[in-house]
Amino acid sequence: MSQVQISPPSPPIQLELLYSISNTITQNLEWKKALDEISILVRKIFIFDNLVVYRLDSTRQVLEVVYARAAGRGRSAEADSTWGETVAYQVFQSQKTILTEPTSPNSPDRLERPFVLSIPLSVGDQTLGVIIFIRFGGPVFTPESVDLAEYISRQITHLVERQRIQDEYRDLEVQHQQSRLQQDFVSTISHELRNPLGFIKGYTTTLLRSDTEWDHNTQLEFLKIIDEETDHMQELIENLLDSARLQAGQLRFQF
């Protein structure tokens, strides 16, 4: 079966599109919106049917799909087409580009003849994820197209890294807010404990004075105040225990 050869854009147009991709990444766009724009630009200079971006979930240590786009033949059979899950882990572990060709090259169904180009998204020695380009039924990935895809992937890596930093910053802000609320809470409770403790100490000391006789009603009044302030102190101590549970992760604030 003959394959249709599509001529790549001329060098000036290609450079202009690469510049547009780089410019889109440097703009302060929401990252999925930026990927939408990038995928449109990429397809003008680089053929793909499916594009998938996997990112490492550092909490669960698994690769999760954070962006996927089907175009052309991929769009017509999006639900049934491959998205490169298996090879994504191979690329992530090896930190190397992997190019796979169809296992059934003679199949009449293009979806059964995927050419898959998988590229790690790395910053230094750290791999943040994997990007996968899939062509159903061809054309094959030439060395020049692989070089171009790796260049595009390096640009997208900056976007993924920026998003990772923003996510970590938000997590730190939440942790800082929780820590500040807890510190304020403990500081307030500690201050409040001094009030009932002062009442209890004051009235107890007064009742124990040996140089004064208190009538029965006055004693009952003092003891009633001591009892009320003891209950107040017990309530504050319960709040402190809740704070300890919060710090241990057994209790959480619901904002």
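The values are calculated or read from the model by the stated rules, or taken from the named source; none is laboratory data. The model shown is predicted, which means the values in this text are computed figures rather than measured ones. Using ideal geometry, Cβ is built from the backbone for each residue, glycine included, and neighbour counts are taken over all protein chains shown. Just the protein is used for accessible areas: all its heavy atoms, side chains included, with ligands, DNA and RNA removed. Shrake-Rupley method; radii C 1.70, N 1.55, O 1.52, S 1.80 Å.
With 183, 250 as the choices, which residue is open to solvent by 90 Å² or more (accessible area, probe 1.4 Å), assigned to a loop (DSSP other than H, G, I, E, B) and farther than 30 Å from residue 128 by Cα?
250
In region 71-113, what residues are in a helix (DSSP H, G or I), modelled with pLDDT of 90 or more and open to solvent by 40 Å² or more (accessible area, probe 1.4 Å)?
Within region 71-113, 89, 90, 92, 93, 94 qualify.
Please go through region 205-231 and pick out each residue that is modelled with pLDDT under 90 and under 30 Å from residue 185 (Cβ atoms).
Selection gives nothing.
Would you check if residue 135 is touching a residue at least 60 places away in the same chain (Cβ under 8 Å) and either basic (Lys, Arg) or more than 15 Å from residue 54 (Cα to Cα) (or both)?
yes
Kindly establish whether residue 135 is more than 18 Å from residue 57 (Cβ to Cβ) and open to solvent by 90 Å² or more (accessible area, probe 1.4 Å).
No; evaluated as a whole, the condition is false for this residue.
This table checks each residue for (1) open to solvent by 20 Å² or more (accessible area, probe 1.4 Å); (2) at pLDDT 85 or above; (3) under 19 Å from residue 129 (Cβ atoms).
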| position | (1), (2), (3) |
| --- | --- |
| 1 | yes, no, no |
| 6 | yes, no, no |
| 19 | yes, no, no |
| 24 | no, no, yes |
| 45 | no, yes, no |
| 52 | no, yes, yes |
| 56 | yes, yes, yes |
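Which of the residues spanning region 115-126 are at pLDDT below 90 and not aliphatic (A, V, I, L, M)?
124, 125, 126 - these are the residues of region 115-126 that are at pLDDT below 90 and not aliphatic (A, V, I, L, M).
Test residue 156 against the stated conditions and say whether it is under 17 Å from residue 91 (Cβ atoms) and in a strand (DSSP E or B).
No: the conditions fail for residue 156.
Among the numbered criteria (1) surrounded by 10 or more Cβ atoms within 10 Å (Cβ to Cβ); (2) out of contact with any helix residue (DSSP H, G or I) (no Cβ under 7 Å at 6 or more places or on another chain); (3) of a type in the set (Ser, Thr, Tyr), which one does residue 205 miss?
For residue 205, the exception is condition (1).
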